[in-house]
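Data block below; observations after.
The values are calculated or read from the model by the stated rules, or taken from the named source; none is laboratory data. Bear in mind the structure is a predicted one, so any value in this text is a computation, not a measurement. Cβ placement follows ideal geometry from the backbone for every residue including glycine, while neighbour counts extend to all protein chains displayed. The area values use the complete protein model at the heavy-atom level, side chains included, leaving out ligands, DNA and RNA. Shrake-Rupley method; radii C 1.70, N 1.55, O 1.52, S 1.80 Å.
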Amino acid sequence: DEDSITADGLSPNRSNPYLVVSYCRKVLGQTGSGHFSPIGAYDMESDSCLILDTARFKYGAHWVPTPLLFEATQPIDPDTGKSRGYVLLS
């Protein structure tokens, strides 16, 4: 659920230093479809994530409200038949 992104990967006390999100760009109003990007920061006051877009020429780093980012992980990927999500790397 939406709270798991915050609890698992965005807590300031997390033990895993890297959070990578697989999301649908269309949900964020961007061109393209599925995409992977690391999260560079979390702002608790605005409940937003800083996406460090790996296609910097296209969008660069940008802030996204966490509920919208969670929504962007929900569409079914046509290649896998599964929703997208996130992974914690250490």
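So, Y86, is that one out of contact with any Cys (no Cβ under 9 Å at 6 or more places or on another chain), open to solvent by 70 Å² or more (accessible area, probe 1.4 Å) and either among the aliphatic types (A, V, I, L, M) or not in a loop (DSSP other than H, G, I, E, B) (or both) or not?
Working: out of contact with any Cys (no Cβ under 9 Å at 6 or more places or on another chain): yes; open to solvent by 70 Å² or more (accessible area, probe 1.4 Å): yes; either among the aliphatic types (A, V, I, L, M) or not in a loop (DSSP other than H, G, I, E, B) (or both): yes.
Criteria met by Y86.
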(request) For region 48-81, name all the residues that are without any contact (Cβ under 8 Å) to a residue 24 or more places away in the chain and either in a strand (DSSP E or B) or open to solvent by less than 80 Å² (accessible area, probe 1.4 Å) (or both). (result) S48, L50, L52, D53, A55, G60, A61, H62, W63, P65, I76, G81
(message) Return the residues of region 1-40 that are part of a helix (DSSP H, G or I) and either among the acidic types (D, E) or at pLDDT below 90 (or both); say none if nothing qualifies.
(response) E2, D3, S4, I5, T6, A7, D8, G9, L10
